[in-house]
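Worksheet for the structure shown next.
Each reported figure results from applying straightforward, stated rules to the coordinates on display, with no laboratory input. Because the structure is predicted, anything quoted here is derived from the model rather than measured. We place every Cβ from the backbone using ideal geometry, glycine too, and count neighbours over all the protein chains shown.
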Amino acid sequence: MAGILEGIRVLDFGRYIAGPYVGTLLAEFGAEVIRIEKREGSEDRFVTPVGEGDTGALFLQINRNKKCLTLDPMTEEGQEIVRKLVATADVVIANLPPQTLKAMKLDYESLKSMKPDIILTTATAFGNPGPLADRVGFDGIGQVMSGAVYMTGKGEPPFRAMVNWVDFGTALHCAFGTLAALMERQKSGRGQVVEGALLATAISATNATLIEQAVISADRVPTGNLGQTTAPSDIYRTKDGWILCQVTGQPLFERWAKLMGEADFWLKDPRFSDDLKRGENGAVVSERMARWCAERTRDEAVDTLGKARIPSGPVLSPQEALDHPHIRAAGFMTDVDYPGLPRAAPIAHAPVRLSLTPGEIRSRAPVLGEHTQEVLAAIGYDAAAIAGLREKGVV
């Protein structure tokens with residue numbers, strides 16, 4: 001089935017996650033995405049190795065459906081290749097600092113001189129303008145500077161999330177912006193810059209906490225897994241594991257109170273009359289929930305809460321997540337073979353589904369330089385010219 005973005009060509013100069021995952025999302029819905037890597041392989045190719053040649057788990061995830069061209073764009077011949085490729089492209093992805101974009105001639109003004117309607121999708125650590133605009137950073141920088149890490153754990157020490165939610169969130173926003181820019185170009189014929197920032201993503205996710213602080217000076221401190229503005233909201237021990245239960249809003253609290261068999265007490269006590277008061281007295285509510293959970297297995301607790309339409313879920317190990325019957329039945333991942341892996345890798349689909357034009361994992365991530373010959377031939381280089389570029393270390 002042809003994807004909704006068939007006919008869109010994307011040049012992916014991305015590094016690590018925020019840039020390459022934009023290309024992944026576009027590729028899943030039909031765009032032709034050419035990943036342009038360093039000759040020795042880009043950094044994300046080697047993160048969390050799982051196969052021969054230090055093939056990284058992250059690379060397998062965020063580079064499926066792409067072609068791979070190796071290139072040194074800082075050489076004269078390399079820049080000529082970039083010019084020829086840009087002339088054929090609709091979108092250039094490059095999550096690099098502004099000074100690096102200029103040095104590589106991937107800044108918007110340079111790209112626009114090559115193709116006037118080009119769209120440049122970029123992401124930086126800190127965003128523009130500002131005193132930190134030229135600095136580099138990773139996912140964790142957004143986490144710590146947004147207030148998220150301060151509010152996580154119990155304070156000494158603070159804890160960051162071990163998953164890269166800021167990187168992936170930035171990529172999702174940038175993909176959304178890229179699609180909006182493509183729609184604008186259809187109407188006006190104009191290209192533009194789509195710019196994301198790790199810190200901007202993190203600030204967006206923590207914005208409600210920042211609003212509360214600015215407006216009423218709540219001066220909250222971390223409380224571990226215990227919710228602060230609602231209850232019960234915590235992670236609870238069962239007979240054989242842990243579960244999360246989150247109750248927000250009066251209807252859910254009424255269901256919970258009835259499930260406890262103590263509706264008169266919980267619904268009439270003024271300490272629990274609304275979410276904020278329940279949050280302020282969360283330790284009392286959580287103590288009752290903890291006793292209820294301790295009498296049940298993890299599955300029994302989750303099943304009972306689920307049937308009562310109270311949000312809950314088991315705390316799963318990575319292997320348990322792979323084996324969970326709902327995760328398997330929902331088809332969130334597809335097993336994909338890759339050269340040198342001892343077994344197929346479960347690659348997660350784009351986390352959104354279209355009923356008429358769904359995304360698709362059509363091909364595995366490319367091995368290093370797998371499509372160099374094909375891509376260069378398509379822009380006019382014959383076999384002898386490509387051999388010369390290889391000999392010079394350009395590709």
**Fill in**
Check: C-alpha center the range 78-97 vs C-alpha center the range 304-362, spacing in Å is 34 Å
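Which of rounded, prolate, oblate describes the range 43-160, given a ≥ b ≥ c as roots of the alpha-carbon gyration tensor eigenvalues and a/c under 1.5 marking rounded, otherwise prolate only if a/b is larger than b/c?
On the way: a/c = 2.70, a/b = 1.47, b/c = 1.84.
In terms of gyration-tensor shape, oblate.
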**Item:** Beta bridges by DSSP in the chain, antiparallel share as percent, to the nearest 5
**Value:** 40 percent
**Request:** Express the relative contact order of the chain as a whole percentage, based on alpha carbon pairs under 8 Å and six or more residues apart in sequence.
**Result:** 19 percent
**Complete:** For residue 334 and residue 235, extending 7 Å from Cα along the Cα-Cβ vector and measuring point to point gives, in nm, a value of 3.3 nm
**Asked** How far, in degrees from 0 to 90, does helix 282-294 lean away from the longest principal axis of the Cα atoms of the chain, to the nearest 10?
**Response** 90 degrees
**Message:** Could you tell me the calculated FRET efficiency between residue 216 and residue 322, based on Cβ-Cβ distance and R0 = 41 angstrom, to the nearest 0.05?
**Reply:** 0.40
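Report the net charge of residues surrounding residue 16, where surrounding means a beta-carbon distance below 14 angstrom and charges are Lys +1, Arg +1, Asp -1, Glu -1. Spell out each step's value before the answer.
On the way: positive: 15, 35, 38, 45; negative: 12, 37, 43, 44, 139, 167.
Combined, the nearby Lys, Arg, Asp and Glu give -2.
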**Item:** Projected label distance in nm at residue 284 and residue 387, using a 7 Å step from Cα toward the beta-carbon
**Value:** 8.4 nm
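Mind checking the full-extension length gain between residue 83 and residue 113? Use 0.36 nm per residue of separation minus the Cα-Cα distance, one decimal, nm. Intermediate values should be presented prior to the final figure.
Working: separation 30, 0.36 × 30 = 10.80 nm, distance 0.94 nm.
My answer for the length gained is 9.9 nm.
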**Message:** For a protection proxy built on the mean count of beta-carbon atoms within 10 angstrom, sort 252-263, 204-215, 318-329, 34-45 highest first, please.
**Reply:** 34-45, 252-263, 204-215, 318-329
**Prompt:** Counting other Cβ atoms within 10 Å of each Cβ, which chymotrypsin sites (Phe, Trp or Tyr not before Pro) in the range 261-345 have at most 16 and sit in a DSSP loop?
**Reply:** 332
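Direction-averaged shadow area of the convex hull around the Cα atoms of the chain, nm²? Mind dumping the intermediate values first?
Values: hull surface 93.1 nm².
Taking a quarter of the hull surface, the average projection is 23.3 nm².
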**Message:** Could you list 102, 115 so that the one with the fewest beta carbons within 10 Å of its beta carbon is first and the one with the most is last?
**Reply:** 102, 115
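Quick one: of 84/115; 154/239; 66/112; 239/277, which pairs are farther than 18 Å apart, Cα to Cα? Intermediate results must be reported in sequence, preceding the final value.
Details: 84/115 10 Å; 154/239 24 Å; 66/112 24 Å; 239/277 30 Å.
Distance filter (> 18 Å) returns 154/239; 66/112; 239/277.
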